[in-house]
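S.K.: One structure coming up, written as structure tokens, with questions to follow.
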Amino acid sequence: MDRLPDKAVNRIWLPQYPEGISPDVDVKAYASLKEILEKSCERFADLPAYGNMGVSITYRELDRASRDFGAYLQKVAGLRRGDRVAIMLPNLLQYPIALFGALRAGMTVVNTNPLYTARELEHQLKDSGAVAIVVLENFAATLQQVLSRTSLRTVITTQIGDLFPAIKRVLTNFVVKRVRKMVPAWNIADTTAFKAALAAGHAQSLDDVPLTLEDVAFLQYTGGTTGVAKGAMLTHGNLVANLQQVAAWIGRDLAEGKEVAVIPLPLYHVFALTANLVFMKIGAHAILITNPRDLPGFLNTLKHTPVTAMIGVNTLYNALLNSPGFAEVPLKQVKLCAAGGMAVQRAVAERWKAATGVPIVEGYGLTETSPIAICNALNIKDWTGNIGVPIPNTEVVILDDDSKSLPTGEVGEICIRGPQVMQGYWNRPDETAKVFTADGWFRTGDMGLMDDKGSFRITDRKKDMIVVSGFKVFPNEIEDVVMLHPAVLEVAAVGTPDEKSGEAVKIFVVPKDPALTRQDLLAHCRQHLTGYKVPKAIEFRAEPLPKTNIGKILRRELRTPVPG
């Protein structure tokens with residue numbers, strides 16, 4: 001077992017652990033993610049592993065296909081241990097096959113957002129030094145624009161329906177390409193089709209690569225919405241640790257080989273990535289949702305799938321609640337509804353519990369922490385307003401700007417130590433140094449507090465804090481209050497320059513009821529907020545607020561004035 005660091009903090013949160021969950025687990029029980037995958041494929045061979053658009057593959061089929069893909073990378077493409085392989089796909093069956101194939105071959109995976117602009121894609125490919133990429137044809141035109149300026153030697157393309165049965169494959173690919181015209185014209189020389197790569201790899205042997213916990217499994221890019229994207233080096237040890245930690249946390253409630261888990265968040269995002277790995281470890285059937293914004297299609301999947309677990313973000317749960325037909329979705333068999341990536345709003349949590357009988361279990365972490373570090377227990381009855389307590393083998397403190405620990409109840413920066421914390425940023429020692437204290441605490445950049453029982457509450461990002469006449473205002477608090485108004489669908493709060501107070505609160509509101517007025521909202525806010533927190537400006541929007549691909553509202557875009 002990993003010993004906690006010297007000068008360990010007093011883990012006052014341990015009495016809050018549900019009975020049977022150990023404060024320390026064996027985070028070195030496996031030598032690598034490869035070992036976890038291979039053992040799951042052996043133990044759950046005949047059970048379904050992944051499903052997508054009504055098609056599923058078993059763990060035995062996942063084992064064979066990922067072996068073939070790994071052999072292709074090694075023997076046909078000529079990649080070596082540690083080479084970076086980019087995966088630029090939405091949630092399709094091809095994703096886990098490419099992911100596990102690259103890891104089994106000893107490569108490092110670079111998860112790549114398929115909706116990147118050419119500029120963003122070029123930065124990530126050049127920064128990571130990726131030499132191979134798996135890309136959906138829908139996004140090949142973007143890759144074409146930057147290919148010559150990267151280190152890529154191998155380009156593997158695929159179509160949405162490539163792993164479907166023959167008739168469905170042909171029909172799906174025809175509709176996507178010819179009817180919906182979702183594939184912009186592209187022309188890249190010497191590409192290899194995904195199915196051809198599997199066939200070529202099938203004829204080759206996969207060399208066993210003896211990976212260690214120190215080997216880098218992922219370059220997981222982060223910071224794209226706050227600055228230059230940086231690659232967090234997540235080792236096999238980081239991910240094995242987080243899988244062990246999370247598996248222990250959910251092990252009382254979820255059974256091995258019995259669960260059906262829905263993953264509507266993109267696998268290139270660290271929350272969905274780790275959830276996917278945890279579900280693989282326990283032999284769950286993971287249902288991959290390719291386009292969660294197609295709410296009718298998503299609801300149809302939920303209606304016809306015996307879901308026992310699902311992950312999401314606040315905005316997705318809110319969208320489902322407001323979708324026609326949601327009341328008809330049978331979710332009474334669900335054991336776990338997990339949320340991450342952003343704060344869960346009280347109004348959303350309470351409506352979800354009322355509609356389904358299942359609370360949303362909120363967790364907290366970052367790309368740099370693989371990602372889960374703090375989580376509510378699965379046995380909570382209702383929304384707590386907290387992000388929970390540190391999971392096993394994890395220490396968390398609240399530090400001030402001078403790296404001094406603050407007492408309970410005081411707001412400061414949430415800082416984390418544990419085996420899941422990254423090794424640093426790829427080729428950026430200066431950026432790495434900025435986020436670690438001298439004694440090894442990772443500075444999250446999130447503001448929060450710990451109560452006297454060891455539960456943590458996040459207040460906001462440091463950079464999003466609004467200062468009104470010297471008083472600190474946290475946008476999450478304003479948004480939570482506004483969302484309690486029944487006529488509000490979405491809201492975001494930002495700071496705007498103000499001659500008198502330095503900054504003032506402005507909210508952007510998408511109304512659920514078009515009759516909603518500024519006076520209505522001001523009266524509501526005055527009822528629940530002290531004077532300096534009441535919004536000074538209100539802007540109504542007819543369209544949804546801008547969001548990242550996992551549904552986090554982009555306050556930065558709202559703060560930027562639209563040129564007139």
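S.K.: I'd like the residue in the stretch 141-188 that is more than 27 Å from the chain's Cα centre (by Cα), β-branched (Val, Ile, Thr) and within 18 Å of Leu93 (Cα to Cα) and, out of all such residues, is least open to solvent (accessible area, probe 1.4 Å).
M.R.: Thr172
S.K.: Still on this model: Can you tell me which residues in the stretch 308-317 are open to solvent by 10 Å² or more (accessible area, probe 1.4 Å) and modelled with pLDDT under 95?
M.R.: Selection gives Thr315, Leu316.
S.K.: Any chance you could count how many residues in the stretch 364-384 are assigned to a loop (DSSP other than H, G, I, E, B), open to solvent by less than 20 Å² (accessible area, probe 1.4 Å) and either of a type in the set (Val, Ile, Thr) or farther than 15 Å from Pro18 by Cβ (or both)?
M.R.: 2
S.K.: Give the stretch 424-436 a look and list any residue that's surrounded by fewer than 18 Cβ atoms within 10 Å (Cβ to Cβ) and not polar (S, T, N, Q), or say none.
M.R.: Once the filter is applied, which keeps residues that are surrounded by fewer than 18 Cβ atoms within 10 Å (Cβ to Cβ) and not polar (S, T, N, Q), the stretch 424-436 yields Arg428, Pro429, Asp430, Glu431, Ala433, Lys434, Phe436.
S.K.: With respect to the numbered conditions (1) under 30 Å from Tyr268 (Cα atoms); (2) free of Cβ contacts under 8 Å to residues at least 24 places away in the same chain; (3) open to solvent by 80 Å² or more (accessible area, probe 1.4 Å), which one is the sole condition not fulfilled by Pro514?
M.R.: (1)
S.K.: Restricting the search to the stretch 470-508, which residues are part of a strand (DSSP E or B) and in contact with a helix residue (DSSP H, G or I) (Cβ under 7 Å, 6 or more places away or on another chain)?
M.R.: Pass one, the stretch 470-508, residues part of a strand (DSSP E or B): 471-473, 488-498, 502-508.
Phe471, Val473, Val488, Val491, Ala492, Ala493, Val494, Val505, Ile507, Phe508, listed by residue number.
S.K.: Does Lys353 count as touching a Pro at 6+ places or on another chain (Cβ under 6 Å), over 25 Å from Glu413 (Cβ atoms) and not in a strand (DSSP E or B)?
M.R.: Considered against the rule, which asks whether it is touching a Pro at 6+ places or on another chain (Cβ under 6 Å), over 25 Å from Glu413 (Cβ atoms) and not in a strand (DSSP E or B), Lys353 comes out as yes.
S.K.: Hey, could you check the stretch 435-452 for residues that are in a loop (DSSP other than H, G, I, E, B) and of a type in the set (A, V, I, L, M, F, W, C) and say which is farthest from the chain's Cα centre (by Cα)? It would help to see each step written out before you state the result.
M.R.: Quick first cut of the stretch 435-452, residues in a loop (DSSP other than H, G, I, E, B) only: 437-441, 451-452.
Narrowing further to those that are of a type in the set (A, V, I, L, M, F, W, C): 438, 441.
Working: Ala438: 29, Trp441: 22 Å.
Checking each candidate, the answer is Ala438.
S.K.: I need the full set of residues from the stretch 322-337 which are outside any loop (DSSP other than H, G, I, E, B), open to solvent by 20 Å² or more (accessible area, probe 1.4 Å) and of a type outside the set (D, E, K, R), in order please. Talk me through it step by step, then tell me what you get.
M.R.: First, the residues of the stretch 322-337 that are outside any loop (DSSP other than H, G, I, E, B): 326-328, 336-337.
Now drop any that are not open to solvent by 20 Å² or more (accessible area, probe 1.4 Å), which leaves 327-328.
Listed by number, the list holds a single entry, Ala327.
S.K.: Which is surrounded by 21 or more Cβ atoms within 10 Å (Cβ to Cβ), more than 28 Å from His285 (Cβ to Cβ) and among the aliphatic types (A, V, I, L, M), of Val411, Val421, Val348? Break it down stepwise before answering.
M.R.: Values: Val411 fails: surrounded by 21 or more Cβ atoms within 10 Å (Cβ to Cβ); Val348 fails: more than 28 Å from His285 (Cβ to Cβ).
Testing whether each residue is surrounded by 21 or more Cβ atoms within 10 Å (Cβ to Cβ), more than 28 Å from His285 (Cβ to Cβ) and among the aliphatic types (A, V, I, L, M) leaves just Val421.
S.K.: Out of the residues in the stretch 521-540 that are at pLDDT 95 or above and open to solvent by 70 Å² or more (accessible area, probe 1.4 Å), state the one that is nearest to Asn318 (Cα to Cα).
M.R.: Among those that are at pLDDT 95 or above and open to solvent by 70 Å² or more (accessible area, probe 1.4 Å), it is Phe540.
S.K.: Now for a separate question. Can you tell me which residue among Val55, Val27 is farther than 29 Å from Ile160 by Cα and at pLDDT 95 or above?
M.R.: Answer to the selection: Val27.
S.K.: Of the numbered conditions (1) at pLDDT 95 or above; (2) hydrophobic (A, V, I, L, M, F, W, C); (3) farther than 21 Å from Gly78 by Cα, Leu115 satisfies every one except a single condition; which is it?
M.R.: Answer for Leu115: the failing condition is (1).
Here is a yes/no grid of residues against (1) over 30 Å from Lys28 (Cβ atoms); (2) hydroxyl-bearing (Ser, Thr, Tyr):
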position: Ile387; (1), (2): no, no
position: Pro392; (1), (2): no, no
position: Asp400; (1), (2): yes, no
position: Glu413; (1), (2): no, no
position: Thr437; (1), (2): no, yes
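S.K.: Is there a residue in the stretch 262-269 that is under 21 Å from Ile391 (Cα atoms), in contact with a strand residue (DSSP E or B) (Cβ under 7 Å, 6 or more places away or on another chain) and not β-branched (Val, Ile, Thr)?
M.R.: No; the residues of the stretch 262-269 include none that is under 21 Å from Ile391 (Cα atoms), in contact with a strand residue (DSSP E or B) (Cβ under 7 Å, 6 or more places away or on another chain) and not β-branched (Val, Ile, Thr).
S.K.: Just checking, how many residues over the stretch 22-62 are open to solvent by 50 Å² or more (accessible area, probe 1.4 Å) and farther than 20 Å from Ala247 by Cβ?
M.R.: Qualifying residue count for the region: 6.
S.K.: Okay, next question. Restricting to the stretch 438-468, count the residues that are of a type in the set (Gly, Ala, Ser) and closer than 21 Å to Arg556 by Cα.
M.R.: 2
S.K.: Still on this model: Spot the failing condition for Pro497; the list is (1) in contact (Cβ under 8 Å) with a residue 12 or more places away in the chain; (2) more than 26 Å from the chain's Cα centre (by Cα), and only one is missed.
M.R.: Unmet condition: (1).
S.K.: Can you tell me which residue in the stretch 505-533 is farthest from Asp480 (Cα to Cα), limited to those that are among the β-branched types (Val, Ile, Thr) and out of contact with any strand residue (DSSP E or B) (no Cβ under 7 Å at 6 or more places or on another chain)?
M.R.: That would be Thr517.
S.K.: Name every residue in the stretch 258-307 that is in a loop (DSSP other than H, G, I, E, B), within 20 Å of Phe44 (Cβ to Cβ) and open to solvent by less than 20 Å² (accessible area, probe 1.4 Å), in order of residue number.
M.R.: Glu259, Leu267, Ile282, Gly283, Ala284, Val307 - these are the residues of the stretch 258-307 that are in a loop (DSSP other than H, G, I, E, B), within 20 Å of Phe44 (Cβ to Cβ) and open to solvent by less than 20 Å² (accessible area, probe 1.4 Å).
S.K.: Quick one: how many residues across the stretch 453-469 are in a strand (DSSP E or B) and at pLDDT below 95?
M.R.: 8
S.K.: Continuing with this model, one more query. With Ala105, Ala98 as the choices, which residue is modelled with pLDDT of 95 or more, open to solvent by less than 20 Å² (accessible area, probe 1.4 Å) and touching a Gly at 6+ places or on another chain (Cβ under 7 Å)?
M.R.: Numbers: Ala98 fails: touching a Gly at 6+ places or on another chain (Cβ under 7 Å).
Unique residue meeting the criteria: Ala105.
The values are calculated or read from the model by the stated rules, or taken from the named source; none is laboratory data. Fair warning: this is a prediction, and the values are worked out from it, not measured in the lab. Counting neighbours? That spans all protein chains shown, and the Cβs are built from the backbone with ideal geometry, glycine included. Note: accessible area is taken over every heavy atom of the protein model, side chains too, but ligands, DNA and RNA are not part of it. Shrake-Rupley method; radii C 1.70, N 1.55, O 1.52, S 1.80 Å.
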